[in-house]
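Here's the structure we're looking at; comments come further down.
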Amino acid sequence: MDGGGGASEAFSSSTAPLAWHDFLERMRHPSAADFVKSIKSFIVSFSNRAPDPEKDSAAVQNFLANMEEAFRAHMLWAGSSEEELESAGEGLEKYVMTKLFNRAFASLPEDVQHDEELFEKMALLQQFVRPENLDIKPEFQNETSWLLAQKELQKINMYKAPRDKLVCILNCCRVINNLLLNVSISSNANPPGADEFLPVLIFVTLKANPPQLHSNLVYIQRYRRQARLVSEAAYFFTNILSAESFLGSINGESLSMDETEFQKKMESARAHLLGLSTNTEENRNKIIESSTVNAPDVSKTQVEEAYAFKEGKDIGSSQLFESRPSISDLEKKGAIDLLKDDELIENLKEYPYLYANVGDLTVDDVESLLSCYKKLVLKYVCLSKGMGISASCTQELDSQIVSKLDTSDLSDVANDKIKENRPEVLD
């Protein structure tokens, strides 16, 4: 197994925010006007075309390659090192694909259908597939490492740029690879190869079951700069493609299991998942009926509306009960939900300065930051007065949320969002 990396791998995840910042700064220079015009023109023309994966991929790859060649010949990068030129290419790819994400990601109905079928199948397989079914040796079964690898893979939908999505896959694979290497070193065995690595990756992918896995993988294939999808990145990416293919076509033989037994387990898993859903609905109905019996003054409609409120459903203008939740209660509930939410970062992206470091801010940001602060305070105080109570803070939960936010992963988003409030050439 090739654990090393080439020159492209030297551009590690820790340098990504610097690349993004540097690219945007250079694009602000007057001499970059032609670059800015070309980038915006490409984004508009691409967005206005009907989706065609093969043509779309070729168009992006050609555009990125031509622009990077133009960077090399331009005065903005005169005397630059290969790492700086690489950084410019990364910044360009991130900018273009972030702008084109809604048009390029899961753009075909067949990709969306594939995602749904794969997600459902893995949800069923999770119920009964064990490491032994994939011939994973006991010494390679480490729940702590596997959970960490799963969490890295599950981050894939937090990002829009192909490189950022690929980093999630690489981090997942590196956790697995390190586990296998450590076991082999401690037992004086030969370094693990694909025969040991792939089954563990398959199992980790199955347990993680990230939504839209297929669309994420084809998106990386189509739009990650091909010249950078090499070495370690290419090796691990090829392995997760194999894992997806295996899980999509899995049958009894794949698991050293009689096909009849496999189908029975799949049906049992389906019944179990449906049963959980049915039981939840049955319990809900029982509680509603019980509530109306034990509290005659409370109507069935009111109890149903209370459930709708709890489940986040639209209840129109109906009043639930005379008593209303306090701001403190709402804060606590919202904070707890945020901590459980896999899309925590997505929910907070509209607040640009939340992710900022002191060094990210300039004098130009003061006016915008003060305006944001005033609006937030007024909004919160008005809500407090409207509820007829004093405002309170949920400091403990706030600290948990802050600790959950990985600022290293968000710094590129922060720079991007902060710059949206400044006069910018590329918007």
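Structural remarks
- Estimated FRET transfer efficiency when R0 is 35 angstrom, pair residue 378-residue 31 (beta carbons, to 0.05): 0.20
- The Cα-based radius of gyration of the range 7-104, divided by its Kirkwood radius, gives an Rg/Rh of 0.97.
- Above-threshold pairs, the threshold being 21 Å between Cα atoms, out of 40/99; 160/374; 94/155; 99/165; 37/94; 37/99: 160/374
- Cubic angstrom per residue, convex hull over Cα atoms of the range 57-134: 152
- Coupling constants for the range 125-139 follow from the phi torsions by the Karplus curve (6.51 cos²θ - 1.76 cosθ + 1.60, θ = phi - 60°), and in residue order they are 4, 4, 6, 9, 6, 10, x, 5, 5, 9, 6, 7, 5, x, 5 Hz; glycine and proline get x.
- Burial ordering of 98, 238, fewest other beta-carbon atoms within 10 Å first: 238, 98
- Overall size of the range 109-261 from C-alpha positions, given as principal axis extents largest first: 43, 39, 23 Å.
- Distance between the pseudo-spin-label points of residue 41 and residue 178 (7 Å out from Cα toward the beta carbon): 4.7 nm.
No value in this document is a laboratory result; all are computed from the given coordinates. Everything numeric in this text was worked out from a predicted model, so none of it was measured. Reconstructed Cβ throughout: ideal geometry from the backbone, glycine too, with neighbour counts over all protein chains shown.
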